[in-house]
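As structure tokens, the structure follows; a few thoughts come after it.
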Amino acid sequence: ESRERLSVCSKLCYAVGGAPYQITGCALGFFLQIYLLDVAQVDAFYASIILFAGRVWDAITDPMVGFFISKTSWTRFGRLMPWIMFSTPFAIISYFLIWFVPDISTGQVMWYLVFYCAFQTLVTCFHVPYSALTMFISREQSERDSATAYRMTVEVLGTVLGTAIQGQIVGKVDTPCVGSPFFFGLTNSSVAMEELNMTHDTGSLTDTRNAYMIAAGVIGGLYMLCALILLLGVRERRESCELQSDEPVSFFQGLKLVMNHGPYIKLIAGFLFTSLAFMLLEGNFALFCTYTLGFRNEFQNILLAIMLSATLTIPFWQWFLTRFGKKTAVYVGISSAIPFLIAVVLLDSNLFVTYVVAVAAGISVAAAFLLPWSMLPDVIDDFKLQHPSSHGHEAIFFSFYVFFTKFTAGVSLGISTLSLDFAGYQTRGCSQPGQVNFTLKMLVSAVPVGLILLSLLLFKLYPIDEEKRSKNKKALQDLREESNSSSESDNTELASIV
């Protein structure tokens, strides 16, 4: 057990590997739509196709990459590390080209569609094996849980970093806009529009495009640095019981076994509703602050409060789940946002209350970040005990969890957009109709609270508590010792024959 303990340096190197996915994801999530419409000047219809197709393709690639990883043989670098190693440079190139405006009159839509989907594929080739790497840095549950806490802290910091880098660099340049001719008199509207278009096509737009490429270069450099730290600072360990066989694992047989594993399905179901709740809150929080609460100029600060609160409370949740158990941490952590979500809607618009709610939401966000990745390895351990002769399914567990999470993100985006559209949302309006404000209250309060309560009911069915974890840990240790003794006896017998 002492040999299985990870140093703080190893945990930090492992944790840093989670930053690229979050940094690039935040930059794309907050800025890609504005970039396509205002900087690259892609038609809104085609921009929506690019964004939607990219999301769909991103979800599809997770099980695809999980399939190919399960067919990958072990190398001297491991089975997962080569995927991270070879995907990194191509991911950085494709990410940079997303933020580059090609000097072509036709084919611009195809340019962004190809490179957006290419980047989503390559970052999946990084993130899926990185997620599965949790099972191969140590065989001790406590060490994996500790490393996961380090990882979640760095990932939350990555979300802050991605938003800050992109926002600060791009924010220094004023993105030009084109006014509507209806705001000018009939006699001078054409002249005013001509002047605006000249400004739009010259210095300001060029500076804005350069700023986006500079931000892409900085984020690409961080992506490379984090990948190098991961590759040089973490060693992928192979289970001794897997050394006895190098036969490729059937992906579809493994997928059938995984999807028939009860604890995995119950865990996924619970966190699906939790993810949907927090994604609805995240996706509509800016509109809620701007129109319903009237804090148009405070949104960035409120968002920063959420992220900083989440970052600072991840160590607390790691201590809490170690002290009181993971199921208890789920009940307390996820439900802690409920009273504050209700309060922000029922009370009058108050900036102080909004900041209190932001901090409380950050505490729950930290729990939602940490707990799924901390509980998935327990499910895999339980699966190994029930199927001791079936190996190499770790990537399936992690990739399908990510797939369902991304699918949930698409569902939440569709629900929000349709609901606001039916309510009569006015694009770029200074204020919104009462029905829109009511809908926003539902999307950030009532619906998330209902989904959180439903997820807590599903977690009651999750069978792996602390007692079950302890039994599994002892059983796995006995299985490894039996496997090791079997290998030693085989080696002794072979030596005697020789």
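The values are calculated or read from the model by the stated rules, or taken from the named source; none is laboratory data. The structure displayed is predicted, hence computed values, not measured ones. Cβ atoms come from the backbone with ideal geometry, glycine included; neighbour counts cover every protein chain shown. With ligands, DNA and RNA removed, areas are computed over all heavy atoms of the protein, side chains included. Shrake-Rupley method; radii C 1.70, N 1.55, O 1.52, S 1.80 Å.
At-a-glance table
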| quantity | calculated |
| --- | --- |
| Boolean, Tyr355 is among the hydroxyl-bearing types (Ser, Thr, Tyr), open to solvent by 40 Å² or more (accessible area, probe 1.4 Å), closer than 27 Å to Asp381 by Cα and outside any loop (DSSP other than H, G, I, E, B) | no |
| Filter result for Gly270 (closer than 22 Å to Lys11 by Cα, touching a Ser or Thr at 6+ places or on another chain (Cβ under 9 Å) and at pLDDT 80 or above) | no |
| Any hit, the stretch 363-382, residues being buried (at least 17 other Cβ atoms within 10 Å of the Cβ), within 20 Å of Ser445 (Cα to Cα), within 18 Å of the chain's Cα centre (by Cα) and polar (S, T, N, Q) | yes |
| Pairs with Cβ under 6 Å, 6+ apart, first in the stretch 292-307 and in a helix (DSSP H, G or I), second at pLDDT below 75 | Phe299/Ala286 |
| Every residue from the stretch 445-484 that is touching a residue at least 12 places away in the same chain (Cβ under 8 Å), more than 16 Å from Ser336 (Cα to Cα) and open to solvent by 70 Å² or more (accessible area, probe 1.4 Å) | Leu461, Lys468, Lys473 |
| Some residue of the stretch 95-107 being farther than 25 Å from Ile214 by Cβ, in the same structural domain as Gln166 (by the TED database) and open to solvent by 60 Å² or more (accessible area, probe 1.4 Å) | yes |
| Residues satisfying the stated conditions in the stretch 300-352, i.e. open to solvent by less than 20 Å² (accessible area, probe 1.4 Å) and farther than 16 Å from Ser364 by Cα | Gly325 |
